[in-house]
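The values are calculated or read from the model by the stated rules, or taken from the named source; none is laboratory data. Computed from a predicted structure; not experimentally measured. Don't worry about glycine lacking a Cβ; one is built from the backbone with ideal geometry, like all the others, and counts go over all protein chains shown. For the accessible areas, the whole protein counts, side chains as well, though only heavy atoms, and no ligand, DNA or RNA atoms are used. Shrake-Rupley method; radii C 1.70, N 1.55, O 1.52, S 1.80 Å.
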Amino acid sequence: MIPFAGWEMPVQYKGLVEEHRAVRSAAGLFDLSHMGEIFITGPGAAAALDYALITAPGKLAVGRAHYSMICDVSGGILDDLIVYRLGDSRYMVVPNASNAAEVSAALSERLAGFDAELDDATMRTSLVAIQGPRAVEILQPFVDVDLSTIRYYSGTEMRACGVPAVLARTGYTGEDGFELFVSWDDALRVWDTLLEGGADRGLIPAGLGARDTLRLEAGMPLYGQELSRETTPFEAGLGRLVSFAKPGDFVGRDALEKAKDHPRKALVGLKLSGPRVARIGYHVYLPAAAEPCGTVTSGTASPTLGFGIAMGYVPADRNAVGGELEVSIRDQRASAQVVPMPFYKRSN
Amino acid sequence: MSTVPDELLYSEEHLWVEWTDDVVTVGLTDYAQKEMGDTVFVELPSLDEKFARLDVFGTIEAVKAVSELFSPIGGVVLATNPRLAKEPELLNTDPYGEGWLIRLRPSSLAERDELLGSAEYREHTGD
């Protein structure tokens with residue numbers, strides 16, 4: 001167990017790589033109760049979120065969800081999050097644990113003038129995620145809905161494992177899977193039910209370590225590493241999220257319009273040659289250069305691919321796929337090639 | 001619960017030591033390999049390199065993190081495990097056997113007394 005954003009989190013249960021492989025080949029069960037859950041309700045909820053976030057949640061159909069960000073006025077990323085439209089005038093926003101309080105405060109402030117109420121349910125809501133190719137068949141007996149009719153990136157209030165839940169087909173692993181938001185009091189029941197129900201199909205509990213290697217293979221950024229206030233969505237390769245087309249103003253619009261064509265850096269995927277592993281904070285160099293040109297933000301030995309992968313920031317004109325770079329690993333240079341992300345993409 | 005063979009000595013830095021006359025074999029304990037997880041790369045010193053007690057003599061790269069190896073005694077490197085270059089996973093599958101790290105010629109026999117016995121090591125890990 002390690003402290004993580006004020007929570008005690010398991011890094012691994014049986015072993016990181018075993019858990020990682022279970023998610024890729026069968027299924028893994030994650031306790032993500034640290035994540036934030038903020039409900040925005042009221043006739044003005046859609047307009048308020050259109051103003052508060054860089055995407056257009058007002059355009060989401062009821063029951064659907066999308067990946068979004070909340071930026072500050074200068075276009076820096078306060079957090080990345082998922083927005084679920086649970087009803088015409090009811091949304092759930094899921095920020096990172098480390099930013100939940102800050103996001104809640106920023107949303108409260110941005111809701112002023114809109115006919116919408118904020119309810120921060122983080123401290124009474126648990127999140128249990130079941131991820132992997134066998135997630136559907138394991139979860140199916142415990143819900144009343146036909147899971148094959150639930151589309152990716154959707155979320156609906158229903159009963160699951162005998163308790164009230166928001167059931168979402170989302171995740172942070174690059175696999176198919178579901179996330180179940182339930183009350184704290186019901187979380188253990190959901191956890192035990194699924195673990196027991198899925199044991200004979202290869203379901204095992206998976207910890208923070210596997211979550212990190214899985215999201216990295218899937219090319220998904222992590223706040224505090226790839227994303228920060230010092231970074232715009234364009235620099236993080238997520239400029240497609242910014243909805244300049246939506247009608248009204250939104251926080252960060254002016255700054256983002258200016259930043260769009262002037263990235264100061266670019267996030268790239270790197271494939272390392274050799275067995276060494278690039279880690280967060282290691283310097284990136286142009287070949288044979290003495291001074292670093294960038295920094296690794298995440299890196300690991302990819303359990304699925306069998307080689308070292310990393311994400312990092314390099315000068316904006318050095319992000320072309322195929323470009324050769326070097327990473328300094330304990331005073332030795334390892335060559336690294338810019339490759340497309342995600343590093344891993346599921347086949348089904 | 002990890003394995004701690006009674007016939008070996010241990011350092012607080014989670015290495016085991018087999019002390020036979022003038023040759024000391026050093027490896028990673030079962031407790032440490034479990035904590036570290038799946039090893040992908042092991043960096044070991046060259047032959048004849050000399051280390052004092054607690055000098056860093058190598059690194060272990062696991063999926064989770066990189067860890068430094070602190071020499072349990074002072075000595076000169078007589079051999080390194082040649083199989084670890086191709087099969088770093090031996091550290092996880094056979095930490096007390098085929099996964100040994102290095103052999104040293106000890107600088108001082110007195111340092112043997114600084115090492116922990118199996119019971120003391122078990123207490124140290126709290127496992």
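Annotations
- Within the stretch B:25-74, considering residues that are part of a strand (DSSP E or B) and open to solvent by 60 Å² or more (accessible area, probe 1.4 Å), the one farthest from the other protein chains (Cβ to nearest Cβ): B:50
- A single entry from B:41, B:70 fulfils the requirement of being under 12 Å from the mean Cα position of the chain (by Cα) and either closer than 25 Å to residue A:212 by Cα or at pLDDT 95 or above (or both): B:70.
- Filtered by the rule that a residue be surrounded by fewer than 18 Cβ atoms within 10 Å (Cβ to Cβ) and either within 14 Å of chain B (Cβ to nearest Cβ) or closer than 22 Å to residue A:157 by Cβ (or both), the stretch A:22-43 gives A:41, A:42, A:43.
- Yes/no for residue A:182 being part of a strand (DSSP E or B) and buried (at least 22 other Cβ atoms within 10 Å of the Cβ): yes
- Index of the failed condition, residue B:88 passing every other in (1) farther than 30 Å from residue A:306 by Cβ; (2) open to solvent by less than 30 Å² (accessible area, probe 1.4 Å): (1)
- Any chance residue A:276 is within 14 Å of chain B (Cβ to nearest Cβ), modelled with pLDDT under 95 and buried (at least 18 other Cβ atoms within 10 Å of the Cβ): yes
- The one condition in (1) open to solvent by 30 Å² or more (accessible area, probe 1.4 Å); (2) outside any helix (DSSP H, G or I); (3) not assigned by TED's automatic domain parsing to the domain that holds residue A:152 that residue A:12 fails to fulfil: (3)
- Residue selected from the stretch A:235-249 under the condition touching a strand residue (DSSP E or B) at 6+ places or on another chain (Cβ under 9 Å) and either within 14 Å of chain B (Cβ to nearest Cβ) or assigned to a loop (DSSP other than H, G, I, E, B) (or both), by the criterion surrounded by the fewest Cβ atoms within 10 Å (Cβ to Cβ): A:237
- Residue within the stretch A:99-121 that is acidic (Asp, Glu), touching a helix residue (DSSP H, G or I) at 6+ places or on another chain (Cβ under 6 Å) and over 14 Å from residue A:70 (Cα atoms) present: yes
- The stretch A:1-21: number of residues that are within 10 Å of residue A:207 (Cα to Cα), within 10 Å of chain B (Cβ to nearest Cβ) and in contact with an Asp or Glu (Cβ under 8 Å, 6 or more places away or on another chain): 3
- Scanning the stretch A:325-348 for residues that are among the polar types (S, T, N, Q), in contact with a strand residue (DSSP E or B) (Cβ under 8 Å, 6 or more places away or on another chain) and either open to solvent by 60 Å² or more (accessible area, probe 1.4 Å) or assigned by TED's automatic domain parsing to the domain that holds residue A:212 (or both) gives a single hit, A:337.
- When each of A:209, A:155 is tested for being buried (at least 19 other Cβ atoms within 10 Å of the Cβ) and not in a strand (DSSP E or B), the lone residue that passes is A:209.
- Being over 30 Å from residue A:110 (Cα atoms) and polar (S, T, N, Q) is a condition met by no residue of the stretch A:237-249.
- The set of residues from the stretch A:63-92 being in a strand (DSSP E or B) and either in the same structural domain as residue A:153 (by TED's automatic domain parsing) or of a type in the set (D, E, K, R) (or both) comprises A:64, A:79, A:80, A:85, A:90.
- The criterion of being within 14 Å of another protein chain (Cβ to nearest Cβ), open to solvent by 50 Å² or more (accessible area, probe 1.4 Å) and either in contact (Cβ under 8 Å) with a residue 24 or more places away in the chain or out of contact with any strand residue (DSSP E or B) (no Cβ under 8 Å at 6 or more places or on another chain) (or both) does not hold for residue B:21.
- Scanning the stretch A:188-223 for residues that are among the acidic types (Asp, Glu) and within 22 Å of residue A:69 (Cα to Cα) yields A:212, A:217.
- Identity of the residue in the stretch A:279-305, of a type in the set (Gly, Ala, Ser) and under 23 Å from residue A:345 (Cα atoms), that ends up farthest from the other protein chains (Cβ to nearest Cβ): A:298
- Per-region count, the stretch B:1-18, residues open to solvent by less than 50 Å² (accessible area, probe 1.4 Å), more than 12 Å from the chain's Cα centre (by Cα) and among the hydroxyl-bearing types (Ser, Thr, Tyr): 1
- Filtered residue count, the stretch A:61-80, keeping only those that are open to solvent by 10 Å² or more (accessible area, probe 1.4 Å) and under 22 Å from residue A:113 (Cα atoms): 4
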